[in-house]
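What follows is a short report on a single structure.
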Amino acid sequence: MSALQVTAQGTTGALRGRWTFLVGRLLEYVTVLFVALTLNFLLPRALPGGPLKLFGSPEALARLTAEERAQIATEYGFGDPLHVQFFEYLRSVVTLDLGTSLSDGREVTDAIADALPWTLLLVGTSIILTTLIGIMLGVLGGLRRREGKGTGTLIGAIVIDSIPQFWLAMLMIVWFGVKWQLAPTFGATGPDGVTVPGVLQHLVLPVATLTITGIGYIFMYTRSSMLGVLTSEPVQHAHARGIPRGRLVRRHVLRPALLPVHTLIMLDIGFLAAGAIVVETVFAYPGLGRLTFGAIAARDYPLMQGTFLVLTLMVVLMNLVADLTYPLIDPRARAGGAS
Amino acid sequence: MQILSKKLAVSSTAVLALVLSACGGGGTPSSPPDRSAEGPETAETLTIAIASDEGTLTPFTNQTGYPGNNLVKMIFDPLAIVQGDEVIGLLAEEIQTEDNQTFTLPLRSGVTWHDGQEFTADDVVFSVDFYRENAEGDSAIDVSAIEEVSADGNTVTMVLDAPDPEFPRMILADMAIIPRHLWEGVTKVSEAGTELAVGTGPYMLAKYDNARGYTLEANTDYALGEPKVDTLEIAIIPEESTQFAALRTGEIDMSTRIVPPQQLEALQEQQDIGIVEGTEYASTLLLFNNGQPPFDQPEVRLALTKAIDTQDLVDTALLSSGTPGSPGFIHPKSAMAAGNTAPMYDVAAANAELDALGAEPGPDDVRVLDGEPMSYELLVQSTSTDRLRSAELIREMLSEVGVEVKVTSMDSDSLDAKVWPDYDVAQGRNYDMSMWGWSAPVMLSSGLIAQLLYSEPAEGPLNVAGYSDPDTDKALDALTSEATLDGRIDAAADLQANIAEQAPWVTLYYRNGAYAYRSDTYGGWTWQDGKSALHSFSFVDYDL
């Protein structure tokens with residue numbers, strides 16, 4: 001067998017392995033998605049109460065006859081047998097016709113399309129800031145730990161990480177909104193509608209809240225990862241070979257140290273909609289988190305299913321992106337075919 | 001025919017006038033609108049914060065009674081309006097009746113819908129028929145009592161199935177009239193869009209964003225008075241604390257959230273912030289599950305009622321911002337409140353009555369009645385600070401008479417599912433005791449009070465306590481069949497005596513209403529008992 005044949009066989013085998021890996025991953029994602037969709041369908045119906053309360057005051061609903069109740073439930077789709085509702089739900093997901101909100105009669109897709117950009121702006125900005133600040137502090141913290149310093153920063157990060165988002169948001173409003181009047185306390189736009197200065201001003205306090213409460217997590221993760229890499233054998237050998245510290249950190253430490261942080265950030269992005277529920281509610285910010293909160297409070301099944309679907313897709317999608325981009329930054333994953 | 005004049009003379013006596021005020025649907029006053037606010041008389045733009053989306057602001061799509069129904073009524077005028085102690089014509093020029101069964105309503109001329117179309121008698125007839133077919137919606141009106149409705153020129157006649165002296169207040173002043181030319185093709189009212197939020201009222205819906213709120217513009221063609229504020233921005237701010245913070249900074253001009261007693265003083269002390277306050281008529285109750293032992297015995301319920309110091313609850317849980325509950329349920333400020341409404345608190349009597357029932361002290365000082373320890377679960381909404389505090393105080397108070405209470409807090413939906421599953425009392429109930437509350441309209445309508453107590457679910461759809469007593473049913477029959485207001489006063493007195501004897505629940509207190517506003521931007525806020533300050537009297541000088 002010639003060397004050429006061996007190489008060709010090796011290439012074919014590698015390609016086959018790559019396809020097997022991709023198909024396997026795809027099947028995993030389809031399975032995860034189906035389970036998530038099933039939960040998205042069941043969870044709203046497992047909550048106490050139901051959407052009937054959207055159809056009148058309690059006193060008015062109390063007067064409804066059994067026939068009138070059944071008629072409303074049938075007309076709006078929550079009176080059918082569970083399996084019928086489930087298949088209707090799956091159909092709506094496949095066709096992307098998510099139905100109509102029971103609360104205000106809007107198309108669910110329209111409601112999500114209105115809210116999503118605000119959440120992307122809010123959480124996207126805070127994730128960028130959280131990532132930059134968290135990684136920078138984490139790297140510095142890891143390097144300083146090697147020098148026996150940085151305990152104060154670590155304690156500070158632990159404290160920050162344990163601050164409840166709601167509490168910090170209220171402090172932000174009281175200090176920066178009411179006391180010093182540096183930023184608006186609620187909403188996403190000023191009286192003039194959507195203007196760049198208005199949007200930026202209204203972004204300050206919610207972004208600051210999300211960023212501060214998110215930094216501790218990334219800092220500690222990065223710091224821990226840095227310490228692991230700094231004490232690894234290859235880095236110790238490089239250090240022993242006399243490679244300058246700056247070059248050592250840039251070339252041999254940062255990349256492997258940030259690999260797990262990359263996955264973490266991808267997952268964070270996936271959870272961005274859910275993560276903003278508290279902040280969007282406190283600051284009356286018109287994003288997906290608040291839409292989800294309102295849908296849950298109202299037991300608006302179609303809207304709940306729609307917002308849960310977006311959340312699910314984001315998590316799955318960002319997992320996929322993490323899987324696909326991991327080999328780009330980790331050569332071992334490229335060689336092995338799996339991360 | 002007895003003509004009650006342009007203003008409906010409810011009665012020649014002030015007492016009768018007060019009775020009507022006590023019997024209205026949708027929240028009604030018992031005193032003239034109280035101009036208790038200070039500040040400028042007019043404003044260009046006011047921002048008012050509400051807690052949640054109220055849909056498209058049609059009578060079928062608002063989500064809450066307050067503030068949703070109040071906002072709907074600023075867009076859609078009813079036929080009559082409650083002003084002070086009187087029900088006066090609004091879209092109807094006058095209300096004529098001689099038997100409280102046939103009502104003749106000549107309509108005002110020159111009134112137009114927001115889209116410029118003329119308002120006619122045909123719209124009124126259509127509205128009644130439409131409500132008859134479409135009962136869904138928070139502001140939808142139960143018009144089943146109207147047997148016939150007809151139009152003759154510009155006059156509408158309504159004939160009821162039985163005389164009802166509360167009809168002008170309960171229906172005429174609460175039924176938002178809708179335009180036939182826009183609504184006659186509508187089949188799914190819960191999906192009614194903003195294009196249908198077209199009324200004859202003082203404000204027009206100009207903009208709606210379900211995440212941010214509404215813009216209401218003054219109806220400059222309003223024939224019945226002049227709106228004093230050009231634009232009302234209604235901002236949705238879910239968090240109570242954020243609303244008050246925005247009020248302090250001047251980003252909003254009024255909060256529709258009731259100011260918690262513990263924050264009242266701090267807000268009052270702040271410059272440029274005023275408080276408009278008064279009677280709300282909402283009630284807070286301690287429910288007993290009358291359908292299960294030992295609460296099926298009136299003697300047990302009565303003994304426990306005597307162990308609860310309602311004055312202490314008001315002083316401690318409400319910081320005195322409320323009124324102790326009447327044993328007869330009806331608010332003491334209401335004209336229907338009868339005789340002795342003093343609380344029944346008497347621990348010695350409670351102990352003696354439990355002793356007499358054979359409830360002997362058992363292990364851990366908990367009494368044993370009929371072989372069972374007197375230990376019960378008390379449900380309370382986790383989101384209500386005053387109810388949580390009250391539940392803890394009740395636990396301590398009942399422990400003084402040897403009754404153990406385990407307080408369980410839960411979200412409102414979970415609690416509703418146990419106390420009032422699917423809002424259908426025929427489905428039964430699953431609790432021992434529960435904190436509960438009814439809004440102002442329930443307190444102010446004899447028809448709704450009857451629905452709290454009737455034994456049969458069909459007649460008592462609000463009977464969440466599962467109370468059943470033939471004598472009370474007779475007292476309710478007497479109340480609701482009275483054709484005159486005088487008769488209803490007497491019947492209401494008998495009913496309250498009956499409630500006090502039977503103690504189907506403990507009426508704990510009536511919380512006061514207090515709302516904060518910016519006194520540097522607008523001072524036209526007008527308090528109406530049971531309706532707070534967000535209603536058209538705060539924005540319009542009516543010329544009726």
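Taking the helices alone, the protein assembly as shown has a mean residue ellipticity at 222 nm of -14000 deg cm²/dmol, built from -39,500 (n - 2.57) per DSSP H run of at least 4 residues and averaged over all its residues. Label sites at A:V204 and B:A145, each approximated as a point 7 angstrom past Cα along Cα to Cβ, lie 5.6 nm apart.
Each Lys and Arg contributes +1 and each Asp and Glu -1, all at the Cβ; summed about the Cα centre of the protein assembly as shown, the dipole is approximately 7080 debye. Here the calculated FRET efficiency for B:Q292 and B:A348, from their Cβ-Cβ distance with R0 = 25 Å, stands at 0.35, rounded to the nearest 0.05. Shielding value for B:233-240 is 5, the average number of Cβ atoms from other chains within 10 Å of each residue's Cβ.
Residues considered: A:A66, A:A322, A:A36. Largest GNM mean-square fluctuation over chain A, using C-alpha springs under 10 Å, is found at A:A66. Counting every other Cβ atom within 10 Å of each residue's Cβ, B:W525, A:W19 order from fewest to most as A:W19, B:W525.
Answer with one residue from B:G466, B:A335, B:L508: the one whose Cα lies farthest towards the positive end of the charge dipole of the range B:283-511, charges on Cβ with Lys, Arg +1 and Asp, Glu -1. So the residue we want is B:A335. Taking amide H as placed 1.01 Å from N in the peptide plane, B:L378 has its amide H under 5 Å from the amide H of B:K406, B:V407, B:T408, each at least 5 places away in sequence or on another chain. Counts of other chain beta carbons within 10 angstrom of each beta carbon in peptide A:60-73 average 4.
Which percentage, to the nearest 5, of the DSSP beta bridges contained in the protein assembly as shown is antiparallel?
80 percent
Report the rotationally averaged projected area of the protein assembly as shown based on its alpha-carbon convex hull, in square nanometres. Taking the Cα atoms of the protein assembly as shown, their convex hull projects to 46.3 nm² on average.
Please tell me the relative contact order of the range B:283-511 in percent, rounded to the nearest whole number, where contacts are Cα pairs under 8 Å and at least six residues apart.
Reported as a whole number, the value is 34 percent.
Expressed per residue, the C-alpha convex hull volume of the range B:96-242 stands at 146 Å³. If the label point is 7 Å along Cα→Cβ of A:D330, which residues in the range A:213-236 have backbone nitrogen under 19 Å from it? Residues passing the 19 Å test: A:218-235. Given their separation in residues at 0.36 nm each and the Cα-Cα distance between them, B:Y542 and B:D221 gain 114.2 nm when the chain is fully extended.
Taking the DSSP beta bridges with both ends in the range B:283-511, the antiparallel portion is around 65 percent. In this simple spin-label model, placing a label point 7 Å from the Cα along the Cα-to-Cβ direction at both B:D411 and A:T31 gives a separation of 3.1 nm. Could you tell me which residue out of A:I277, B:L485, A:A46 lies farthest along the dipole of the protein assembly as shown toward its positive end? Charges go on the beta carbon: Lys and Arg +1, Asp and Glu -1, centred on the Cα centre. Working it through, the farthest residue towards the positive pole turns out to be A:I277.
The listed peptides A:185-192, A:205-212, B:387-394, ordered by packing as a protection proxy, come out as A:205-212, B:387-394, A:185-192 (highest mean of other Cβ atoms within 10 Å first). In this Cβ point-charge picture (+1 for Lys and Arg, -1 for Asp and Glu), the range A:54-110 has a dipole of about 120 debye about its Cα centre.
Annotation: amide H of B:N512 within the under-5 Å range of B:G322, B:T323, sequence separation 5 or more or interchain, hydrogens built in the peptide plane.
Across chain B, the convex hull enclosing all Cα atoms gives 137 Å³ per residue. Shape class for the range B:477-544: oblate, because the ratio a/c of the largest to smallest gyration tensor axis (alpha-carbon atoms, square roots of eigenvalues) is 1.5 or more and b/c is at least a/b. In this Cβ point-charge picture (+1 for Lys and Arg, -1 for Asp and Glu), chain B has a dipole of about 620 debye about its Cα centre.
Between A:I133 and A:E88, the contour length at 0.36 nm per residue exceeds the Cα-Cα span by 11.7 nm.
Footprinting exposure proxy ranking of B:M397, A:M314, B:M443, A:M136, fewest other C-beta atoms within 10 angstrom first, gives A:M136, A:M314, B:M397, B:M443. Legend: calculated FRET efficiency, B:A497 to A:T65, from the Cβ-Cβ distance at R0 = 30 Å, rounded to 0.05, equals 0.35. State whether the range B:283-511 is rounded, prolate or oblate according to the following rule on the C-alpha gyration tensor (a ≥ b ≥ c being the square roots of its eigenvalues): a/c under 1.5 gives rounded; otherwise a/b larger than b/c gives prolate, and the remaining case gives oblate. It comes out rounded by the Cα gyration axes.
Going by a ≥ b ≥ c, the root eigenvalues of the Cα gyration tensor, does chain A fall in the rounded group (a/c under 1.5), the prolate group (a/b larger than b/c) or the oblate group?
Note, shape of chain A comes out oblate.
Taking 0.36 nm per residue of separation and subtracting the current Cα-Cα distance, fully stretching the chain between B:Q271 and B:S455 would add 60.9 nm. Normalised by the number of residues in the range B:87-211, the mean separation of alpha-carbon contacts (under 8 Å, six or more apart) gives a relative contact order of 27 percent. In the range A:218-311, inverting the average of 1/r over every pair of distinct C-alpha atoms gives 16.2 Å as the Kirkwood radius. Calculate how steeply helix A:288-298 sits against the longest principal axis of the alpha-carbon atoms of chain A, using the helix alpha-carbon long axis, and give the answer as 0 to 90 degrees to the nearest 10. The angle comes out at about 40 degrees. Cβ-Cβ distance of A:E233 and A:W175, R₀ of 30 Å, FRET efficiency by 1/(1 + (r/R0)^6): the value works out to about 0.05.
Per residue, the average separation of C-alpha pairs within less than 8 Å and at least 6 apart gives chain A a relative contact order of 24 percent.
Model label points for A:L42 and A:R250, set 7 angstrom from Cα along the Cα-to-Cβ axis, are 5.4 nm apart. Counting beta carbons within 10 Å around each of B:K188, B:K306 and listing the fewest first gives the order B:K188, B:K306.
Read-outs: derived from the displayed coordinates by stated rules, not from any lab. Since we're looking at a predicted model, the values are computed, not measured. Here Cβ is always computed from backbone atoms with ideal geometry, including for glycine, and neighbour counts include all displayed protein chains.
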